[in-house]
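K.L.:
This structure is in structure tokens; I'll ask about it shortly.
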């Protein structure tokens with residue numbers, strides 16, 4: 001059976017060996033001090049080695065050490081490369097189809113994962129609150145989630161806050177991606193594919209030993225297509241289309257070089273280069289009342305560019321000591337993200353936007369995994385993180401010049417404004433986590449992490465405009481008028497202690513129950529939109545406070561030879577959550593961050609994998625989720641002013657039109673009371689079911705696989721409702737009553753649409769995504785051909801939606817299909833030498849030696865009477881008997897009695 005990519009063949013009830021550790025602690029600490037400079041990922045402990053021998057045990061590293069999945073007191077979804085291929089998952093984004101309670105949306109070009117309703121909807125370069133790690137390195141550039149990884153060893157989705165073990169920005173959970181290390185034998189694969197929208201793909205990897213002490217791993221991917229968005233016709237943009245738009249080109253290269261420096265000390269060098277030109281998240285379309293809006297998936301304009309370059313290097317060291325394993329991972333990355341797009345969203349020359357974000361990151365982690373103390377597993381560690389992000393030239397807005405046409409380049413546009421910003425983050429943390437086996441069945445885990453983070457922010461903006469525009473107070477600058485705004489460098493420090501505790505009880509050797517408490521946090525941020533004034537304090541710049549989650553979870557886990565089942569229930573107390581909203585800055589609608597006081601999340605989750613037959617597996621999972629904003633959730637949203645109402649007033653997402661309200665008359669920000677309303681990307685129910693069936697042929701065969709994922713209706717990005725109170729009016733009421741809440745019905749009272757005042761606007765309807773594949777593999781398990789299809793029911797699924805005076809609604813890839821061919825290899829182990837000929841039979845044993853003579857049979861007595869000197873016949877008989885008895889002896893004992901003197 002295959003369960004999430006792991007082959008299961010052990011007998012049901014085979015107990016996991018438990019390592020029993022005993023040592024002289026003081027002596028081992030002394031030895032460690034002499035032999036432990038820096039090290040990295042721990043080698044498999046004896047427990048995990050024994051578990052790995054039992055193929056039904058899935059090994060995970062969720063607690064920063066190797067453990068059987070059923071021993072970990074949290075919900076973990078784990079999937080291997082084998083399973084990714086079998087169920088048709090070739091990008092990380094496809095993982096949403098094979099797990100419940102997990103989504104992956106976008107804001108612009110930034111992927112934003114959501115786990116159990118905890119997500120970020122912030123635009124720009126803000127970090128996610130679901131942490132992403134690849135080979136132990138934290139990824140500040142989330143675009144890696146859009147890439148293919150050909151040499152994945154496993155992907156683990158840790159559900160629930162992970163503040164103790166993974167630190168900052170793990171409010172909702174963490175995603176751990178491990179790529180293959182070089183092994184003792186050469187292995188690899190290569191494949192090419194072609195699909196709808198002229199989608200060309202290739203990926204390959206090879207890994208193996210260069211010598212007894214050195215191994216290498218190389219991997220690469222490439223993908224290019226025409227895009228699946230339709231391009232609006234230049235001559236009839238509202239009624240006709242002309243080909244496809246927003247095509248992308250992606251490629252990446254990964255390398256590892258591993259050195260076994262000694263029997264206990266290892267080093268691994270890593271390098272990653274990624275290049276992505278993917279503009280699918282950087283297009284705008286207008287929302288005008290004078291024209292029919294474009295349907296979803298149709299774009300217009302000439303400027304759509306997003307060019308990401310990422311280079312990353314790492315050094316991992318690991319040292320086995322007598323006490324445990326010391327590990328260190330150090331990494332440096334640099335990236336640049338160049339974005340150009342038509343912010344007007346039409347072919348009419350009007351305005352352009354251009355920006356370039358440059359990011360440099362240093363990070364290092366050091367932890368000591370101690371496993372030599374009887375019944376105790378202890379991890380002590382620390383991390384350091386430093387990041388610098390700079391928005392420099394070009395980071396500008398342009399307006400059309402007098403000579404601009406449909407075919408014009410940037411040279412025919414006039415510079416309207418320039419922004420400059422620099423943000424520095426420096427964070428460190430120390431943590432400890434211990435699991436103690438009270439008995440063979442009962443374990444208790446406690447841990448905690450202290451984190452500190454410092455941020456420095458500086459920004460400035462210069463607005464340019466023509467003399468005709470006025471620009472009162474502006475300064476003449478090169479023939480135009482310039483109005484500079486500058487900001488001082490501002491600093492802020494955040495700190496947090498994030499504890500955790502858990503208790504695990506093993507009901508049977510392969511069944512356990514657990515209860516846990518964990519805490520996660522995300523540090524504060526500053527808004528990237530620069531205010532139209534000089535500022536001197538952090539608050540004036542727009543500080544957003546740090547958020548935190550307290551999680552309580554109980555669960556049951558069972559793993560058998562043919563069946564695996566997980567069940568969990570959870571409750572989150574979410575405080576000061578960061579959320580984005582549309583507000584006016586400098587008279588322009590802008591996306592800003594704000595804090596909401598609280599949210600409440602609770603639910604239940606279940607999943608199972610079952611081997612029905614030897615070659616037939618089924619799997620299913622479901623999450624029921626109640627995620628609602630808490631009390632006094634005052635949101636700055638985009639409602640509908642009464643002057644914008646028409647008979648056409650309707651939900652734009654119900655008829656697939658890219659329409660936002662009001663048409664051409666944005667009323668300004670609206671204060672909205674969204675207390676008790678659904679949180680973004682938190683459907684009340686989601687579930688999946690899938691199967692794979694193989695008709696074997698030698699080591700290959702024909703495999704049929706399919707997966708269906710149902711997702712209930714949910715808020716896509718923006719929490720806005722249709723109603724609300726004009727912000728200025730609400731602020732005036734607050735002066736008189738500090739406890740006042742917005743009147744959601746004020747803008748629509750007395751209209752036919754009053755009953756829709758508290759309906760959330762930006763929703764995605766319920767839908768089912770269906771993927772399937774058929775794979776033929778030759779009898780030697782070397783060559784394969786796969787026909788695949790995704791979104792077979794051609795569902796329109798919005799990835800992002802924020803209603804404003806203009807907007808964009810990126811959608812999930814529609815119906816796609818294609819063919820993939822490839823081969824894989826693994827070096828065969830050398831055949832053992834023929835056995836030596838049997839030795840000749842031994843010679844027969846020599847005959848046993850004759851028994852030794854017995855010479856102690858006692859004396860023989862000869863008696864002489866007083867008058868006799870001759871030997872009598874009786875005496876002669878005695879003498880003859882003595883000689884016969886002692887014939888083999890050197891002497892005969894004879895005693896004389898009587899008158900022997902005769």
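Just so it is clear, none of the values below were taken in a lab; they were calculated from the coordinates. Remember, it's a predicted structure, so these values are computed and weren't measured experimentally. FYI the Cβ positions are ideal-geometry reconstructions off the backbone, even for glycines, and counts take in every protein chain you see.
K.L.:
At a Förster radius of 41 Å, what calculated FRET efficiency corresponds to the Cβ-Cβ distance of residue 185 and residue 438, to the nearest 0.05?
P.N.:
Computed FRET efficiency for residue 185 and residue 438: 0.45.
K.L.:
So between residue 751 and residue 618, what do we pick up on full extension, going 0.36 nm a residue minus the alpha carbon distance? Kindly include the intermediate steps, with their values, before the conclusion.
P.N.:
Numbers: separation 133, 0.36 × 133 = 47.88 nm, distance 5.24 nm.
Length gained between residue 751 and residue 618: 42.6 nm.
K.L.:
To the nearest 0.05, what FRET efficiency results for residue 430 and residue 388 with a Förster distance of 25 Å applied to their C-beta separation? Show your work: numbers first, answer last.
P.N.:
Values: r = 23 Å, r/R0 = 0.93.
Rounded to the nearest 0.05, the efficiency is 0.60.
K.L.:
Which of 197, 521 comes first, and how do the rest follow, when ranked by fewest Cβ neighbours within 10 Å?
P.N.:
Listed from fewest to most nearby Cβ atoms, that is 197, 521.
K.L.:
So for the pair residue 234, residue 631, with labels modelled 7 Å out along Cα→Cβ, what separation do we get in nm?
P.N.:
Roughly 6.1 nm, to one decimal.
K.L.:
Still on this structure: Mark the label point 7 Å from the Cα of residue 408 along Cα→Cβ and return the residues of the range 328-352 whose backbone N is within less than 19 Å of it.
P.N.:
Residues passing the 19 Å test: 340-352.
K.L.:
So how much slack lies between residue 781 and residue 823, counting 0.36 nm per residue of separation and subtracting their Cα-Cα distance, in nm? Intermediate values should be presented prior to the final figure.
P.N.:
Details: separation 42, 0.36 × 42 = 15.12 nm, distance 0.85 nm.
The span from residue 781 to residue 823 would gain 14.3 nm if fully extended.
K.L.:
Subtract the Cα-Cα distance of residue 259 and residue 275 from 0.36 nm times their separation in residues, and report this length gain in nm to one decimal.
P.N.:
Net length gain for the segment: 2.9 nm.
K.L.:
Something else now. Any idea how far apart residue 307 and residue 877 come out in nm if each label point goes 7 Å out from Cα toward Cβ?
P.N.:
Using points 7 Å along Cα→Cβ, the separation is 13.5 nm.
K.L.:
With a 10 Å Cβ neighbour count serving as the proxy for reagent exposure, in which order, fewest first, do 389, 874, 547 appear?
P.N.:
Result, fewest neighbours first: 874, 389, 547.
K.L.:
Roughly how many whole Å is it from the C-alpha centroid of the range 169-243 to that of the range 689-710?
P.N.:
23 Å
K.L.:
Continuing with the same structure: Based on the mean of other Cβ atoms within 10 Å per residue, sort peptides 203-214, 321-332, 505-516 so the most packed one is first.
P.N.:
Taking the mean over residues of other Cβ atoms within 10 Å, the ranking is 321-332, 505-516, 203-214.
K.L.:
While we're here: Express in whole angstrom the spacing between the alpha-carbon centres of the range 367-391 and the range 549-583.
P.N.:
Each part's Cα centre sits 24 Å from the other's.
K.L.:
Can you tell me which of 696-703, 760-767 comes out highest on packing, and rank the rest after it, using the mean Cβ neighbours within 10 Å?
P.N.:
Averaged packing, sorted descending, gives the order 760-767, 696-703.
K.L.:
Hey, another quick one. Given contacts defined as C-alpha pairs under 8 Å and at least six residues apart, what's the relative contact order of the range 403-458, whole-number percent? Could you put the intermediate results ahead of the total?
P.N.:
Values: 61 pairs, mean separation 20.9, N = 56.
Once normalised by length, the contact order is 37 percent.
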